[in-house]
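Read the figures in this text as sums done on the coordinates, not as results from a lab. Small disclaimer: the values here were computed from a predicted structure and weren't measured. Backbone-built Cβ (ideal geometry, glycine too); neighbour counts: all protein chains shown.
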Amino acid sequence: AKRVVIKVGTSTLVYPDGAINLRAIDQLAFVVSAMRHHHREVVLVSSGAIGVGLNYMGLKQRPKAIPEQQAIAAIGQAELLSIYKERFAIYEQKIGQLLLTRDIFVYPKSHQNVLNTFEALLAQDVVPIVNENDTVAVDELDHETKFGDNDQLSAIVATNIDADLLIMLSDIDGFYDGNPHADAKAKLLPHIATVDAQTYALAGGSGSRFGTGGMVTKLKAAERMLKANGQMILANGADPAIIFQILAGEPVGTLFG
Ligand code: ADP
């Protein structure tokens, strides 16, 4: 794969007790910088703003009110990017930040502007780090609707910039025939060629405290990649160096495509 989008979930970046997983962020910076060295174009879609914001503010729980959650996201996003900047700098890799909303892709002009920005960043060897703009988009934070999550965002970005591979890192080894946290007998499915109603029937919601999507949103992302003739690999982000194995073609996680 030449152009790769990597999506990291909150569960990879923030420990269950709320502490920031600096080791994972450092590994990610190392892997992505190494990929750039091998002439791969990499876009990082990173969740974690709220988790990092809670940590930064010394809070244990998400505030209930939406404006307060947006404030935490704004605080956390700044902190998260400063951590990324520091870690990527160790590997002499420059980064840029793109905060997007779904509607941007609906309007031809803003859509084109975003694509131009991606191309200009990649052409200059800068790694774009993308997140949903929580100041504008509230839905991701709304537990009722669960719309506009970063799983979708990463697939929308990947298909729009013609990435051939979306690597989705989560807190689970791949896609199972049932939620492994609820069913100890659930088995990992190494290859899914098509995503249909039967596949969705195997997917459950999120198991983690900070995670928002669960498997349904990951399947939707996979479906989007497959429709665009791309591939998606769902793998465990506990050790982001797993990306080296993925790029070497080793069978890890679940390959969609
Ligand atoms: P992230 O924060 O990485 O986006 P989520 O917590 O949103 O992660 O989603 C991953 C979780 O989805 C897993 O930890 C697991 O509890 C749950 N899950 C539900 N159904 C499945 C399934 N069929 N296979 C794997 N995980 C599943």
(request) Quick one: of LYS85/LYS227; LYS187/LYS227; LYS2/LYS109, which pairs are farther than 31 Å apart, Cα to Cα? (result) LYS85/LYS227
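What does the highest-first list of 15-23, 83-91 look like by mean Cβ count within 10 Å?
Details: 15-23: 13.3, 83-91: 17.0.
Answer by packing, highest mean first, reads 83-91, 15-23.
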(message) Please identify the DSSP H helices in the chain that span no less than 30 Å along the helix axis (Cα) and have a mean Kyte-Doolittle hydropathy of 0.0 or more.
(response) 66-90
(request) Quick one: dipole size for the stretch 59-138, taken about the Cα centre, charges +1 on Lys/Arg Cβ and -1 on Asp/Glu Cβ, in debye to the nearest 20. (result) 240
(message) If I take every Cα pair under 8 Å that is 6 or more residues apart in the chain, average their sequence separation and divide by the length, what percent do I get for the relative contact order?
(response) 23
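Any chance you could run the full-extension gain for GLN124 through GLU86? It's 0.36 nm times the residue separation minus the Cα-Cα distance, nm to one decimal.
11.8 nm
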(message) Whole percent per 5 Å bin, from 0 to the bin with the longest distance: what is P(r) over all C-alpha pairs of the stretch 22-123?
(response) 2, 11, 18, 18, 17, 16, 11, 5, 1, 0
(request) Rank TYR84, MET57, GLY18 by how far each Cα sits towards the positive end of the charge dipole of the chain (+1 on Lys, Arg Cβ; -1 on Asp, Glu Cβ) and give me just the farthest. (result) TYR84
